[in-house]
Amino acid sequence: MAPMQRREPNISAAWPTLGVAVAAVLWGIWWIPLRALEAAGLSGDWSSVFVYTVAAVALLPVALARRERFLVGGWPVAAAGILYGAALVTWNHALITGEVVRVSLLFYLMPVWATLLGAVFLSERLTAYRVAAVACGLAGAAVVLGIEGGFPTPRNVGEWMALASGMLFALSVTYARSAGGGGWFEGTYLALPSAAVFAIILVYFSPSGPGLSAGAIWPIFPALLLAVLFWHVPSIGLTLWGAGHLGPARVSILMLLEIVAAAGSAALFAGEPFGWREAVGCLLILGSGAFEWLAFRRPTISESMTVKS
């Protein structure tokens, strides 16, 4: 009986782990339909406006049927959804305006933010491995951004958006975790209209102005609907559902699979260069995730000192 009892947590964690891993791969190649929509006429952040508006309207009947549950999760679920919406829009903007590999690497400084947020808000103890994860992640970012030119900073708006999106995502999964796994659909749904509103704000303040050709929408509407319902909404839902059952740092580790998917697809289909800088930065940021994973399997610094004494 004892061995079966020890296996139960692993079995229960298997499905959320698989869900987040699948979501990571979908996120890694999301730039393909996003840029296709842009090429078809939904330029700039207008693609985000329509993607999340269509998603919110399509799922409205389900949301109305579950309307009483929106109050059950309380503020943590609402915060997770709203922050996730902001992360989605900034991420889409980064993918449209920046290089896929570079913005993906900057986004995946998440283990750094997740470690710090977990320590501050979830009372997760700081370990030597987590310190190494933070150092490794920051080193990877420095390599990607170009440390030889002085203090490394993002070089354009897209890279700043990618950095902000990673921070917002880490905040979102932290709130989702504090909700205890409940309200994942409610958080997912709240992310959609929130993202649409944030996207409208970006469109309004964009240098190109809020112009849009109405004739560009209807010809691509079927493709837009398919991309939303069978690609993007499942990605959002799987991520928030998994985040409710796994710690924010572990979610960030699993989401590192997106780097592999993004780098491979960008090299194959977008012809983006993948040189030594991107390779070294990728290895360092993946190493950050590896150290964070080890943090779940090793005692804390204080525990080690207690054992030795």
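The values are calculated or read from the model by the stated rules, or taken from the named source; none is laboratory data. Everything quoted here is computed from the prediction, not taken from an experiment. We place every Cβ from the backbone using ideal geometry, glycine too, and count neighbours over all the protein chains shown.
Checked against (1) of a type in the set (F, W, Y); (2) farther than 21 Å from S178 by Cβ; (3) modelled with pLDDT under 80, F121 meets all criteria but (2).
Out of all the residues in region 272-296, which are charged (D, E, K, R) and at pLDDT 70 or above? Give the steps one after another, and end with the answer.
Our first condition is that a residue be charged (D, E, K, R); within region 272-296, this holds for 272, 277-278, 292.
Residues satisfying the conditions are E272, R277, E278.
A Cβ distance below 8 Å, combined with a sequence gap of six or more or placement on separate chains, defines the contacts here; from region 171-186, residues that are surrounded by 24 or more Cβ atoms within 10 Å (Cβ to Cβ) reach residues that are at pLDDT below 75 and hydroxyl-bearing (S, T, Y) in the pairs V173/S252. How about region 98-126: which of its residues are surrounded by fewer than 24 Cβ atoms within 10 Å (Cβ to Cβ), more than 14 Å from the chain's Cα centre (by Cα) and within 22 Å of H245 (Cβ to Cβ)? If the condition is that a residue be surrounded by fewer than 24 Cβ atoms within 10 Å (Cβ to Cβ), more than 14 Å from the chain's Cα centre (by Cα) and within 22 Å of H245 (Cβ to Cβ), then L116, L117, A119, V120, F121, L122, S123, E124, R125 are the ones that fit. Does V72 meet the test of being in a helix (DSSP H, G or I) and at negative phi? Judged against the criteria, V72 is not a match.
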